[in-house]
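In what follows, a single structure is set out as structure tokens and then discussed.
The values are calculated or read from the model by the stated rules, or taken from the named source; none is laboratory data. It should be emphasised that the depicted structure is a prediction, and the values quoted were computed from it without experimental measurement. Counting neighbours? That spans all protein chains shown, and the Cβs are built from the backbone with ideal geometry, glycine included.
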Amino acid sequence: MSSRAQPQARGTVCFAGGLGTVVALGLLWAGPAAAQSEATIALQACESFQGLVVSPATIGLPTQGATVLVAERVAAQPRTVAENGEIILPLPAHCRLAGEIASIDEQAPEIQFNINLPLAWNGRAMQSGGGGLGGTVNTAPGQKASGRWDPQPFTEAYPLTRGWVTFGGDEGHRRGDISFIYNDEALRNWGGDALKKIHDVALPLIERAYGQSPDYVYFNGESAGGKEALYVAQRHAADYDGIMAVSPVLSWTYIHIADNYIRSRLVDNWLDADDIGLIADATRDACDADDGLADGILARYLDCDMNPYDLVCPGGETGAGCLSTGQVRTLNAIREPWVMGVPLAYGVNRFAGFGITGDEDGAENQYSFYMVGTEPPAHPMPAGRGFQPGLGAIMNFGAVWVRHVMAQDETFEPYDFYPPAYADRIQYISGLFDATNPDLSPLRARGGKLMILAHSADNAVSTGMIAEYYRSVVAEMGEAAADDVLRLYVGPGGAHNGTGVAQADTLSLLVDWVEQGDTPPVEIPIYDIDPTTHETRRGMVACAYPRYAHYDGSGDPDQPSSFSCRDRTDPLAYDSSAR
């Protein structure tokens, strides 16, 4: 990372006092004893933010303004161990601001936000995206106040510790409550409007705190937050210098309708744990060694030609050690591209499918959690919210999406959803939510940079979908222009939410690209780090798309130095008619 990556204390820090008073405070320029005194004074000034109002005129989308409801000193936190055994690194003393952004429609929930202000600021601010269906203030205590987000290695000091301001919000609704979907302003906030509103509230508060605006503003998000990262890159490019999108669910509308389609196939042709193990074993047998090493990881993530019909039982019925014809069709519905017959925003007219991972039976967060679950889908689905315990998480997301967002009817049966009958609604929602615009020229024109990290064994987000987006950018802008603003890395063997070989210091790469103009390399080291011990269990390389990681034939297979990135012939070469 460049020298700017470490906290650089500034001469003064300015905290607002009330609505008009500004108190200038020296910070961390004296020796240790004086520095402690001055830091304490700065924290005392934190409380003067209480009740501060941000005018609606300051916010780029319609609101009734924002109010700081909490302004509190947060003491330094030592290294701790969470209930799940994960090591939590120390955090510095800082000032925490929390508040609400009032909606125009009083029936729409307010947007909650949280800002963490370090005492020694390095001039950078990071906005964090959410996850799942949102509804959690993602930089609040107990969430991502530190600014850490996968894939940052567990052993690396958190952004807040390095001197970054961190901020984020809850997308304008509370987790577990579905009723907000029936309010258009709340739906638009969830779709992406809340991101702009939170940004426009945070920036003037940061300026009040330090007497100047950030030198650089970044956005970082994973999964749904990764979609939000691409959303702001495409729709609010002027607000950000660097953007990191991890496992982005970018074609949000298509993937959730596809999830519901897969769910309908699972009703009659479910796959249990034995079936999943059979599929995973056959996939690894067919393709594992294609990357030079039979290690359980398919680094050639788009090239596996395993034929699932080889697993069909004699007669096509279910049996021990084989699948029925219907189950294979379900597997193909999961893996293969799907067209619903309704074109979406920016010309997208298909879902790439979830592809072949070879890690379907992974111990954590794989098919049993995200995809097929531990029990078949209910049919009919009970009225109401629609979440079914035991069903795969993304199957639940698809059913909720179809019932509440598309049909707008809490009694609607998702099994009966026929997309062409809802074409107008689908296209309207796609325009609100989807982050598939291939034109990144506004971001490029301001010198901004976008970095995407995908994982080859992600069974919750389609790596093929992400690759198709990358190819659409190249087709739209040309290779040289796309290369100037965008990088896509694919790590071998990593799963959703950072499980497996999925930890890489992409933040340093992004900062150096944005601030120093350092061109990101073709390959970057990526690791499997035990969060409970910080032991590095394995290292490989993530490659700039479309290359893949290949074992060199000698050397320790657990070290990145034993792998190199090889070119590949892309079997999914971009075709604009296939978007």
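List, please: which pairs have Cβ atoms under 6 Å, are six or more places apart or on different chains, and start with a residue in the range 44-66 that is assigned by TED's automatic domain parsing to the domain that holds N116 and over 20 Å from A194 (Cα atoms) and end with one that is at pLDDT below 95 and assigned to a loop (DSSP other than H, G, I, E, B)?
Note: no pairs meet the criteria.
Go through the range 308-321 residue by residue and tally those that are surrounded by 10 or more Cβ atoms within 10 Å (Cβ to Cβ) and closer than 18 Å to T283 by Cα.
6
Does G358 satisfy the condition of being in contact with an Asp or Glu (Cβ under 9 Å, 6 or more places away or on another chain) and on the phi > 0 side of the Ramachandran plot?
yes
Looking at F412, is it at pLDDT 95 or above, under 18 Å from S247 (Cβ atoms) and of a type in the set (A, V, I, L, M, F, W, C)?
So F412 does not fit the description; no.
Going through the range 476-492 one residue at a time, which ones are closer than 22 Å to I255 by Cα and touching a residue at least 60 places away in the same chain (Cβ under 8 Å)?
Matches in the range 476-492: V490, G491.
Which count do you get for residues in the range 418-444 that are over 13 Å from V405 (Cα atoms), touching a helix residue (DSSP H, G or I) at 6+ places or on another chain (Cβ under 8 Å), in a helix (DSSP H, G or I) and among the hydrophobic types (A, V, I, L, M, F, W, C)?
The qualifying residues number 1.
Could you count how many residues in the range 140-160 are closer than 16 Å to A75 by Cα and buried (at least 21 other Cβ atoms within 10 Å of the Cβ)?
Count: 3.
Do you know which of the residues in the range 482-538 that are of a type in the set (G, A, S) and in a loop (DSSP other than H, G, I, E, B) is surrounded by the fewest Cβ atoms within 10 Å (Cβ to Cβ)?
It comes out as G517.
Any residue in the range 541-568 that's assigned by TED's automatic domain parsing to the domain that holds D528: show its pairings with residues that are part of a loop (DSSP other than H, G, I, E, B) and β-branched (V, I, T) at Cβ separation under 7 Å, as long as the two are six or more apart or on different chains.
If the second residue must be part of a loop (DSSP other than H, G, I, E, B) and β-branched (V, I, T), the pairs left are C543/V522; A544/V522; R547/V522; C565/V522.
Give just the number: which of (1) buried (at least 16 other Cβ atoms within 10 Å of the Cβ); (2) outside any helix (DSSP H, G or I) does P389 not satisfy?
Exception for P389: condition (1).
Is it fair to say E207 is out of contact with any helix residue (DSSP H, G or I) (no Cβ under 7 Å at 6 or more places or on another chain), touching a residue at least 24 places away in the same chain (Cβ under 8 Å) and in the same structural domain as A45 (by TED's automatic domain parsing)? First the steps, then the outcome.
Details: out of contact with any helix residue (DSSP H, G or I) (no Cβ under 7 Å at 6 or more places or on another chain): yes; touching a residue at least 24 places away in the same chain (Cβ under 8 Å): no; in the same structural domain as A45 (by TED's automatic domain parsing): yes.
For E207, the condition - out of contact with any helix residue (DSSP H, G or I) (no Cβ under 7 Å at 6 or more places or on another chain), touching a residue at least 24 places away in the same chain (Cβ under 8 Å) and in the same structural domain as A45 (by TED's automatic domain parsing) - is not met.
For the range 335-386, enumerate the residues that are assigned to a loop (DSSP other than H, G, I, E, B), charged (D, E, K, R) and either modelled with pLDDT of 95 or more or loosely packed, with under 15 Cβ neighbours inside 10 Å (or both).
Step one: of the range 335-386, the residues assigned to a loop (DSSP other than H, G, I, E, B) are 336-337, 339-344, 348-350, 352-366, 372-386.
If we keep only those that are charged (D, E, K, R) as well, we get 336, 350, 359-361, 364, 375, 385.
Of everything in the range 335-386, those that are assigned to a loop (DSSP other than H, G, I, E, B), charged (D, E, K, R) and either modelled with pLDDT of 95 or more or loosely packed, with under 15 Cβ neighbours inside 10 Å (or both) turn out to be E336, R350, E364, E375.
Considering only the range 171-212, state which residues are acidic (D, E) and farther than 22 Å from R235 by Cα. Reasoning before the result, please.
If we filter the range 171-212 for residues that are acidic (D, E), which is where we start, we get 171, 177, 184-185, 193, 200, 207.
Across the range 171-212, the qualifying residues are D177, E207.
Residues in the range 200-214: is at least one assigned to a helix (DSSP H, G or I), over 21 Å from G99 (Cβ atoms), within 24 Å of the chain's Cα centre (by Cα) and not aromatic (F, W, Y)?
No, the range 200-214 has no match at all.
Enumerate the pairs (first residue in the range 434-461 and β-branched (V, I, T); second residue anywhere and surrounded by fewer than 21 Cβ atoms within 10 Å (Cβ to Cβ) and at pLDDT 95 or above) with beta-carbon separation below 6 Å, excluding pairs fewer than 6 apart on the same chain, so at least 6 apart or on different chains.
T436/Y346
Before we move on, is A460 at pLDDT below 95, over 28 Å from Y216 (Cβ atoms), of a type outside the set (D, E, K, R) and buried (at least 22 other Cβ atoms within 10 Å of the Cβ)?
It is true that A460 is at pLDDT below 95, over 28 Å from Y216 (Cβ atoms), of a type outside the set (D, E, K, R) and buried (at least 22 other Cβ atoms within 10 Å of the Cβ).
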